[in-house]
Amino acid sequence: MNLLAPPALPPGVLQVLPGSGSAIGDALVTHPLIRKVSFTGSTEIGRRIMELAARDLKRVSLELGGKSPNIVFADADWERAADTSPLSVFANTGQDCCARSRVYVERPIFERFLERFVAATRRLVVGDPAQEATQLGPLVSAVQRESVEDFLADARKRGSRFACGGGRPHPRGFYLEPTVLVGVGKEDRCWREEIFGPVVALTPFDDEAEMLRDVNASPYGLSGSLWTNHLGRALRVSRAVQSGVLSVNSHSSVHVEAPFGGFKQSGLGRDLGLAALEGYTELKNVYVGE
Amino acid sequence: MNLPTDLFLDGGWRPASTGKKTPLVNPATEAPFAEVAAAGAADVAAAIESAQRAWEGGWRDLAPGKREAVLHAVARSLREHLEEIAQLERLQIGKPISDARDEAGLGARCFEYYAGAVTKFGGQTLPVAKGGFDFTLRQPMGSWPALCPGTSLSPSLAGKPRPPSPRAIASCSNPRRSRRSRR
């Protein structure tokens, strides 16, 4: 495989150093010839990189964690929303910074939405990633699965209801069933923290303003979805949600042509689109006198 | 699959200065399938020096049209190897193969997009004092590392733009160490 070395690419322009953050991360970030650091990972490590970079005022781009909302109003095509929402959180087995892990459903449709969401979740094909039909593979490691199971243990302790999932579906491989929780308290870990696994929590809401206050109470602000057929509401709520990316009547967050990044503790700077080029260049002003 | 397991440093595949290797485990089977070089501080220093040579040696000043051609060549190479990249993602992180193919294609698409963008990105002229002339430039910063996770490498790497800066990429290819990693 020689894909990294097409003849046109000069040596040094692209290099790949696999290694742990603890072994090489600090050396990369603090080296005097490094002018900028781009990091994709957890908010915890992003904060540490920004602190290290601050010593030399190195520029940073950070693409960090999320706890993205999926907001469904009763006027929406909520059946389509319910059918498509499971993959908006369970794709890549939930190991996705854009995972819509908090689902807010307007109360009049909540029970019907939940039933349909759970049915769609049960239809997901969990298994061997080499099979074409597979939709959910294993988690990336045993450690990651244990971390997700800690969240599930907390949900059990706090009395959340498991509408489906929660167990290990296969004896081999780091698999975990897609898990749907209801009755999760707003102070519970499963509501507040990024799980980075196949776990979603659903809650009903009555009042738009109150719902938005809860959505925006999160320290994260990466992505989200909004389902409504009311144009004014779509525009109003799109402005109000504190996130770098939002999809209306869709779960599509990543477009190569459009900026991608987070508000608040979900990151700094933007990847993709022309906005990304601004983050990798310095702006100089030149004035030429008469 | 014939996997390269060394570092890609200064234009070639090299073992790590540490002599250490990181075992990779297929999360779908729990079976180890490869060992990759584990970079150390000396490799980081060598990569940064190489990046600086590339930057000063012509990459910084390459004409936008020529840069466009290089980026398209990378995109073509990614597309030619799309199936290998997808299978590697599937093996290493357990991503379903149909998703892995989509994401590998997205990686190539990023290079195509920025190949087009680099010929259209620049400064402005601004109206300032009478008689003078004011303009802005977008100047490259220099070398930078893209620290990427093991849960979705291809778009994570490719989604960074391609201005005239050389990069030292550190990728966390041991899934067990990337428990907090993401695309």
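Kindly provide the set of residues from region A:99-130 that are of a type in the set (Ser, Thr, Tyr) and either assigned to a strand (DSSP E or B) or surrounded by fewer than 19 Cβ atoms within 10 Å (Cβ to Cβ) (or both), ordered by number.
Taking region A:99-130 and keeping what is of a type in the set (Ser, Thr, Tyr), we get A:101, A:104, A:121.
Within region A:99-130, A:101, A:104 qualify.
I need the helices (runs of 4 or more DSSP H) fully contained in region A:24-98, keeping only those with at least 3 residues that are in contact (Cβ under 8 Å) with a residue 40 or more places away in the chain and either among the hydrophobic types (A, V, I, L, M, F, W, C) or farther than 16 Å from residue A:180 by Cα (or both).
Working: elements: A:26-30, A:43-54, A:78-90.
By residue number, A:43-54, A:78-90.
Here's the yes/no breakdown for (1) open to solvent by 20 Å² or more (accessible area, probe 1.4 Å); (2) hydrophobic (A, V, I, L, M, F, W, C); (3) at the interface with chain B (Cβ under 8 Å from one of its Cβ atoms):
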{"position": "A:12", "(1), (2), (3)": "no, no, yes"}
{"position": "A:18", "(1), (2), (3)": "no, no, yes"}
{"position": "A:28", "(1), (2), (3)": "no, yes, yes"}
{"position": "A:32", "(1), (2), (3)": "yes, no, no"}
{"position": "A:38", "(1), (2), (3)": "no, no, yes"}
{"position": "A:42", "(1), (2), (3)": "no, no, yes"}
{"position": "A:49", "(1), (2), (3)": "no, yes, yes"}
{"position": "A:68", "(1), (2), (3)": "no, no, no"}
{"position": "A:75", "(1), (2), (3)": "yes, no, no"}
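Can you pull out the residues in region A:135-172 that are in a loop (DSSP other than H, G, I, E, B) and touching a residue at least 40 places away in the same chain (Cβ under 8 Å)?
Here is the first cut: in region A:135-172, the residues in a loop (DSSP other than H, G, I, E, B) are A:135, A:137-141, A:158-160, A:165-172.
Answer for region A:135-172, where residues must be in a loop (DSSP other than H, G, I, E, B) and touching a residue at least 40 places away in the same chain (Cβ under 8 Å): A:135, A:137, A:138, A:139, A:140, A:160, A:165, A:169, A:170.
Between residues in region A:175-189 that are in contact (Cβ under 8 Å) with a residue 40 or more places away in the chain and residues that are aromatic (Phe, Trp, Tyr) and surrounded by 23 or more Cβ atoms within 10 Å (Cβ to Cβ), which pairs lie under 9 Å by C-beta distance while being six or more apart or on different chains?
From residues that are in contact (Cβ under 8 Å) with a residue 40 or more places away in the chain, the pairs are A:178/A:90; A:180/A:117.
Taking residue A:84, is it modelled with pLDDT under 95 and under 22 Å from residue B:99 (Cα atoms)?
Working: modelled with pLDDT under 95: no; under 22 Å from residue B:99 (Cα atoms): yes.
Here the answer is no, as residue A:84 does not meet what is asked.
So in region A:148-162, with the set limited to residues that are surrounded by fewer than 19 Cβ atoms within 10 Å (Cβ to Cβ) and in contact with a Ser or Thr (Cβ under 9 Å, 6 or more places away or on another chain), which one is farthest from residue A:181 (Cα to Cα)? First the steps, then the outcome.
Kept after step one, since they are surrounded by fewer than 19 Cβ atoms within 10 Å (Cβ to Cβ), are these residues of region A:148-162: A:149-150, A:153-154, A:156-159, A:161-162.
Those still in the list that are in contact with a Ser or Thr (Cβ under 9 Å, 6 or more places away or on another chain) too: A:154, A:162.
Values: A:154: 12, A:162: 5 Å.
Top of the filtered list is A:154.
Take the residues in region B:27-37 that are open to solvent by less than 50 Å² (accessible area, probe 1.4 Å) and more than 8 Å from every other protein chain (Cβ to nearest Cβ), then tell me which one is nearest to residue A:92 (Cα to Cα).
B:31
Any residue in region B:95-104 that is modelled with pLDDT of 95 or more, more than 7 Å from chain A (Cβ to nearest Cβ) and touching a Lys or Arg at 6+ places or on another chain (Cβ under 7 Å)?
Yes: one or more hits.
Restricting to region A:260-274, count the residues that are within 15 Å of the chain's Cα centre (by Cα) and open to solvent by 40 Å² or more (accessible area, probe 1.4 Å). Reasoning before the result, please.
Going through region A:260-274, the residues within 15 Å of the chain's Cα centre (by Cα) turn out to be A:260-268, A:270-271.
Within this subset, residues satisfying the condition of being open to solvent by 40 Å² or more (accessible area, probe 1.4 Å) are A:263-265, A:268, A:270.
Residues in region A:260-274 being within 15 Å of the chain's Cα centre (by Cα) and open to solvent by 40 Å² or more (accessible area, probe 1.4 Å): 5 in total.
Looking at (1) buried (at least 22 other Cβ atoms within 10 Å of the Cβ); (2) farther than 20 Å from residue A:34 by Cβ, which is the one condition that is false for residue B:102?
(1)
Conditions: (1) open to solvent by 40 Å² or more (accessible area, probe 1.4 Å); (2) in the same structural domain as residue A:190 (by TED's automatic domain parsing). Residue A:227 meets all but one. Number of the miss?
Among (1) open to solvent by 40 Å² or more (accessible area, probe 1.4 Å); (2) in the same structural domain as residue A:190 (by TED's automatic domain parsing), residue A:227 violates only (1).
Assess whether residue B:40 counts as being facing another protein chain (nearest Cβ under 7 Å), open to solvent by less than 40 Å² (accessible area, probe 1.4 Å) and within 28 Å of residue A:177 (Cβ to Cβ).
No.
Taking the conditions exactly as written (of a type in the set (A, V, I, L, M, F, W, C) and over 30 Å from residue A:122 (Cβ atoms)), does residue A:201 satisfy them or not? Quick ask: steps written out before the conclusion?
Numbers: of a type in the set (A, V, I, L, M, F, W, C): yes; over 30 Å from residue A:122 (Cβ atoms): no.
So residue A:201 does not fit the description; no.
Give the residues of region B:43-60 that are of a type in the set (A, V, I, L, M, F, W, C) and surrounded by fewer than 18 Cβ atoms within 10 Å (Cβ to Cβ), sorted by residue number.
Passing the criteria: only B:45.
Considering only region B:2-21, state which residues are of a type outside the set (Phe, Trp, Tyr), at the interface with chain A (Cβ under 7 Å from one of its Cβ atoms) and in contact with a strand residue (DSSP E or B) (Cβ under 6 Å, 6 or more places away or on another chain).
If the condition is that a residue be of a type outside the set (Phe, Trp, Tyr), at the interface with chain A (Cβ under 7 Å from one of its Cβ atoms) and in contact with a strand residue (DSSP E or B) (Cβ under 6 Å, 6 or more places away or on another chain), then B:4, B:7, B:9 are the ones that fit.
Scan region A:232-252 and tell me whether some residue there is farther than 30 Å from residue B:113 by Cβ and either surrounded by 22 or more Cβ atoms within 10 Å (Cβ to Cβ) or charged (D, E, K, R) (or both).
Going through region A:232-252, the residues farther than 30 Å from residue B:113 by Cβ turn out to be A:232-233, A:236, A:240.
So of that shortlist, the ones also either surrounded by 22 or more Cβ atoms within 10 Å (Cβ to Cβ) or charged (D, E, K, R) (or both) come out as A:233, A:236.
Yes, region A:232-252 contains at least one residue that is farther than 30 Å from residue B:113 by Cβ and either surrounded by 22 or more Cβ atoms within 10 Å (Cβ to Cβ) or charged (D, E, K, R) (or both).
Inside region A:178-290, counting only helices (runs of 4 or more DSSP H) that do not spill past its ends, which hold 3 or more residues that are within 14 Å of another protein chain (Cβ to nearest Cβ)?
On the way: elements: A:189-192, A:208-216, A:231-240, A:273-278.
Hits in region A:178-290: A:273-278.
The values are calculated or read from the model by the stated rules, or taken from the named source; none is laboratory data. What you are looking at is a predicted structure, and each value in this text was computed from that prediction instead of being measured. Reconstructed Cβ throughout: ideal geometry from the backbone, glycine too, with neighbour counts over all protein chains shown. Heavy atoms of the whole protein, side chains included, go into the accessibility calculation; ligands, DNA and RNA do not. Shrake-Rupley method; radii C 1.70, N 1.55, O 1.52, S 1.80 Å.
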